[in-house]
1. Step by step: first the residues of the range 437-464, then only those that are buried (at least 24 other Cβ atoms within 10 Å of the Cβ) and closer than 14 Å to residue 260 by Cβ, then the one that is farthest from the ligand (Cβ to nearest atom). Which residue is that?
2. Quick one: in the range 413-432, which of the residues that are within 13 Å of the ligand (Cβ to nearest atom) and in a loop (DSSP other than H, G, I, E, B) is surrounded by the fewest Cβ atoms within 10 Å (Cβ to Cβ)?
3. Report whether or not residue 374 is touching an Asp or Glu at 6+ places or on another chain (Cβ under 9 Å) and at pLDDT 95 or above.
4. Give all pairs with beta carbons closer than 8 Å in which a residue from the range 125-136 that is under 16 Å from residue 159 (Cα atoms) meets a residue that is near the ligand (Cβ under 8 Å from one of its atoms) and among the aromatic types (Phe, Trp, Tyr); count only pairs at least 6 apart in sequence or on separate chains.
5. Among the residues of the range 109-136, count how many are among the small types (Gly, Ala, Ser) and part of a loop (DSSP other than H, G, I, E, B).
6. Would you check if there is a residue in the range 357-366 being closer than 24 Å to residue 211 by Cβ, more than 16 Å from the ligand (Cβ to nearest atom) and in contact (Cβ under 8 Å) with a residue 12 or more places away in the chain?
7. Restricting attention to the range 1-21, report how many residues are within 22 Å of the chain's Cα centre (by Cα) and surrounded by fewer than 16 Cβ atoms within 10 Å (Cβ to Cβ).
Amino acid sequence: MSLTEKTLTQVRDQLRSGDTTSVALTEAILSRIDAVDGDVKSYVRTTDELALEQAKAADERIARGESSPMLGIPVGIKDLICADGVETTAGSKILEGFKPPYNAFVTEKLKAAGAVIVGMTNTDEFGMGSSTEHSAYQTTSNPWDLTRVPGGSSGGSAAAVASGMAYASLGTDTGGSVRTPASFCNIVGIRPTYGRVSRWGVIAYASSLDQIGTFGRTVQDAAAMLGTVAGHDPRDSTSLQRPVPDYEAALTGDIKGLKVGIPKQYFIDGMDADTEAAVRAAIDKLADLGAEIIEIDLNMADYALATYYLIATSEASSNLARYDGVRYGPRGSGRDVTETTMKTRAKFGDEVKNRIMLGTFALSSGYYDAYYGKALKARTLIIRDFEKAFEQVDVIATPTAPDTAFKIGDKTTDPLEMYLSDIYTVSLNLSAGCGLSVPCGFDRDNMPIGLQLMGNTLQEELILNTAFAYEQATDWHKQRPSL
Ligand code: GLN
């Protein structure tokens with residue numbers, strides 16, 4: 001097995017035993033990027049020289065006897081996460097050339113832990129999308145079939161891990177953008193509880209929903225990355241003042257007596273037959289492992305998508321008001337302030353403009369009560385649904401997405417079709433829980449299927465351990481795309 005086919009934990013063992021070096025790993029990852037990223041297009045930019053410097057520094061730390069979970073490991077970060085001096089564009093032309101003068105909290109954490117950042121991964125513009133087709137720079141392909149999407153909006157991060165161009169990566173999940181691409185690319189992606197990871201230095205999309213998540217080829221790999229970036233940070237007022245558990249140590253594989261809830265409303269007529277069969281088989285497997293399966297209700301499920309798209313676009317319209325060409329990114333040239341602003345803001349892509357208009361409308365006086373106000377009320381009911389469910393069960397299991405990876409171009413002409421991809425993921429963001437996607441099978445076209453496991457607030461250890469137990473009992477995660 002070549003170095004880039006291995007998992008994070010496998011190469012970490014090699015680093016610790018002196019079998020390999022961080023420089024060797026970084027060189028292997030960079031040549032893998034050279035070989036396949038022309039086709040996959042995961043990275044919008046790589047930082048080869050910086051990465052090799054970081055790798056050398058990591059090797060020195062290892063030589064001094066240091067060891068930490070991510071020391072010397074090459075990773076990718078989503079192009080929404082600021083890295084000091086490295087162009088960070090949110091997949092948008094409005095930030096072309098923007099080099100932040102500071103690191104995001106998570107970038108700081110990765111650097112302090114000695115991880116090696118090899119580049120910025122592609123994203124839908126400002127995280128708005130489910131396929132990575134709304135990036136202003138490039139469309140990322142699914143490594144399992146280059147004519148299909150990798151999911152989104154963190155599609156670059158997921159495709160990079162799935163095809164051996166990083167051992168782990170960071171994404172953001174506002175409505176499913178870590179879980180959906182993980183599911184489409186046959187890897188693990190976890191979206192922790194809101195506030196678990198500081199968002200300081202992460203370009204905002206919808207602030208009451210945004211959270212950083214991690215990808216790995218295995219549950220343990222994603223857990224190692226999460227443990228490194230989680231934690232309190234006074235610069236993000238929503239970040240939780242709670243100690244970070246040792247997520248890797250939580251992986252015992254024992255789920256005897258665990259109560260797993262299956263929401264009736266998530267298994268609907270017309271859902272993809274292969275997805276349903278794979279997810280039902282996965283639930284049977286959890287039962288074989290000693291879990292108790294309980295049918296539950298999430299009655300508000302039908303309203304989640306509309307609620308999410310009203311709240312997300314409203315918050316986006318406010319967050320994106322700051323791109324006026326004065327403080328960040330390139331400026332359009334006009335004769336006066338109005339014309340300059342208009343020319344600058346014309347750099348937004350069509351989907352971003354759609355959302356700014358929708359959100360501005362939902363917030364405007366006269367419509368506020370009917371749209372944004374109502375969405376906030378529906379959100380409260382969705383939160384109550386989850387609270388009630390978690391009185392009955394420990395974990396909720398559902399498909400991650402209603403379909404597997406679709407063909408590039410299939411859903412770009414109809415935004416509603418694209419929004420429907422998020423039907424199983426957005427409720428979690430509206431509530432206060434955590435969730436992940438773990439590989440659970442393949443469809444008739446050999447495209448990956450993901451099992452979503454959701455947990456209550458700060459139950460990351462529980463959902464990770466459930467996924468780990470399932471992963472240890474199955475081989476899906478060992479399948480790799482033949483790139
Ligand atoms: N697809 C959803 C949206 O477009 C979710 C995006 C995300 O989680 N960043 O809003």
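The values are calculated or read from the model by the stated rules, or taken from the named source; none is laboratory data. Computed from a predicted model, the values in this text were never measured in an experiment. Heads up, the Cβs are rebuilt from the backbone with ideal geometry, glycines too, and the neighbour counts pull from every protein chain shown. Calculation scope for accessible area: heavy atoms of the full protein, side chains included, ligands and nucleic acids excluded. Shrake-Rupley method; radii C 1.70, N 1.55, O 1.52, S 1.80 Å.
1. First, the residues of the range 437-464 that are buried (at least 24 other Cβ atoms within 10 Å of the Cβ): 437-440, 448-455, 460, 463-464.
Pick out the ones that are also closer than 14 Å to residue 260 by Cβ and you get 438, 440, 451-455, 463.
Details: 438: 18, 440: 21, 451: 19, 452: 14, 453: 17, 454: 15, 455: 18, 463: 18 Å.
Across the range 437-464, the extreme among qualifying residues is 440.
2. 423
3. Numbers: touching an Asp or Glu at 6+ places or on another chain (Cβ under 9 Å): no; at pLDDT 95 or above: yes.
Answer is no for this residue.
4. Pairs found: 127/205; 130/419.
5. The qualifying residues number 7.
6. If we filter the range 357-366 for residues that are closer than 24 Å to residue 211 by Cβ, which is where we start, we get 358-359, 362-363.
Now drop any that are not more than 16 Å from the ligand (Cβ to nearest atom), which leaves 363.
After this cut, where a residue has to be in contact (Cβ under 8 Å) with a residue 12 or more places away in the chain as well, the list is 363.
Yes.
7. The number of residues fulfilling the criteria is 1.
So that you can scan it fast, the table gives a plain yes or no per residue for (1) crowded, with 20+ Cβ neighbours inside 10 Å; (2) free of Cβ contacts under 8 Å to residues at least 60 places away in the same chain:
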position: 231; (1), (2): no, no
position: 237; (1), (2): no, yes
position: 248; (1), (2): no, no
position: 265; (1), (2): no, yes
position: 280; (1), (2): no, yes
position: 304; (1), (2): yes, no
position: 314; (1), (2): yes, no
position: 319; (1), (2): no, no
